[in-house]
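Take a look at the structure set out below.
Nothing in this text is a laboratory measurement; each read-out follows from the coordinates by a stated rule. Fair warning: this is a prediction, and the values are worked out from it, not measured in the lab. Virtual Cβ from ideal backbone geometry, glycine too; neighbours counted across all protein chains shown.
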Amino acid sequence: MRILGIETSCDETAVAIYEGDRDGGRVLAEQVASQIESHARFGGVVPEVASREHLKALPAMVETVMNTAALDWREIDHIAVTAGPGLMGALLVGVSYARALGAVNGIPVIPVHHMEGHMLAPGLSDEGLPDFPFITLLVSGGHTLLVRVDAIGRYKIIGQTIDDAAGECFDKSARLLGLPYPGGPEIARLAEQGDSSRFALPRPLLNQNNLNFSFSGLKTAVMHAVKKHGGMDNQTIAHMASAIEAAICDVLVKKSLRACEQERVKRLVIAGGVAANSTLRSLLRRETSIDGVQAYLPHQKYCTDNAAMIAYASLLWLSKGECNMKAFDAKPKWSLQTCHS
Ligand code: KG4
Ligand code: ZN
């Protein structure tokens, strides 16, 4: 099966072709175009700008991946497109474009839940997805979830943030420090030159015996520290970046291991943009090995938004023979549990 995937939920336009079956496969061609420069002067993503940039980028990107894979439209079996959640206008551009391509070339179009794409992205590695059940820590700009995965489509959210998402905390804290968007990679870069012990930042909900997260207090602590220090020099900003990264990673790793313990599951997957963070990845590797838990980390390029994960998620559904081809007309509800039912 060959699937063309399209992803336009936020500020990255992505197109990919995945070829495979339920036992494995490979990415034949892929492209990701970042819009960061177009949004930079606004300090965050402007929905209208994002929609226009997707529309501008898509035609050439689709043509490029088709040429790179040396495929004819008759050789594409399905088109998979992110249908939510995300910015409404940006999603509309991707979905409309996918449906137009499908109509012109007589190819069925499959809606994919963006977070399910992230969650299944570790399966893009050579080893494929771990055996079920496994726990996924899903950490992106808008979500922080702990999900128990029992099968494709059988997902149970066992923990989540009660306020800001982890990525949102990286982004908002970076903004308080005067760093550009997106803040996660900026904080990660500066943290390498800093000492996390220079600032004592809170680890919200860490000592509560549940699987929930809270990051808004951490952001507020950063705000107070910035106010107290007045103008921070570069080295102080690096110390603060390091302290922010350490606090977020500490909570994410400890709660993930608690989830594994509670569910008696020894396989842990991390996914979503924040999963690209090198400190989080090494801390997770270290702590899971101490606890006898096996860690599965997608390649960093498949942590942040991409279209290979969208094509791959739809392939897993198609292999089950359960995908509802009429899902676009069926008013899908956008929750992880029901998007494909
Ligand atoms: O999954 P993603 O690309 O888009 C969403 O679905 O939200 O995640 C974007 C988030 C942003 O908050 C960004 O700051 C964060 O992931 N991020 C990182 C890193 N790379 C991206 N956070 C920490 N460290 C990174 N290296
Ligand atoms: Zn995403």
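Side notes on the structure shown:
- Average projected area [Cα convex hull, segment 1-146], square nanometres: 9.1
- Across segment 298-310, computed HN-Hα scalar couplings (Karplus, 6.51 cos²θ - 1.76 cosθ + 1.60, θ = phi - 60°) run x, 3, 4, 6, 9, 7, 6, 4, 7, 9, 4, 5, 6 Hz from first to last residue, x flagging Gly and Pro.
- Share of pairwise Cα-Cα distances greater than 30 Å in the chain is 36 percent (whole percent).
- Difference of contour (0.36 nm per residue) and Cα-Cα distance, GLN294 to ALA40: 87.6 nm
- Proportion of all alpha-carbon pairs of segment 1-48 beyond 16 Å (%): 52
- C-alpha long axis of helix 166-176 to longest principal axis of the chain, angle in °: 60
- Gain upon complete extension [ILE157, ARG198; 0.36 nm per residue less C-alpha separation]: 11.2 nm
- Alpha-carbon centroids, segment 188-247 and segment 271-305: separation in whole Å: 20
- For the chain, built as a Gaussian network whose Cα springs stay under 10 Å, the top-fluctuating residue of GLY94, GLY20, GLY167: GLY20
- Among beta bridges identified by DSSP and lying wholly in the chain, the antiparallel ones come to about 60 percent.
- Rg/Rg_ref, segment 131-297, where Rg_ref = 2.2 N^0.38 Å and atoms are Cα: 1.02
- Electrostatic tally near GLU75: other residues with Cβ closer than 10 Å to its Cβ, Lys and Arg +1, Asp and Glu -1, net -1.
- Between ASN207 and GLU263, the distance separating the two model label sites (each 7 Å from Cα on the Cα→Cβ line) works out to 2.7 nm.
- Under 29 Å, Cα to Cα: Lys pairs in segment 131-297, sequence gap 8 or more or different chains: 16
- At most 11 other Cβ within 10 Å, DSSP loop - trypsin sites (Lys or Arg not before Pro), segment 21-114: ARG41
- Contour excess over end-to-end distance, with Cα ends at SER125 and SER96 and 0.36 nm allotted per residue: 7.4 nm
- Note, ³J(HN,Hα) from phi for segment 42-52, Karplus 6.51, -1.76, 1.60, rounded to Hz, x at Gly and Pro: 8, x, x, 7, 9, x, 5, 5, 4, 4, 5
- LYS56-SER216 FRET efficiency (beta carbon distance; Förster radius 22 Å; 0.05 resolution): 0.05
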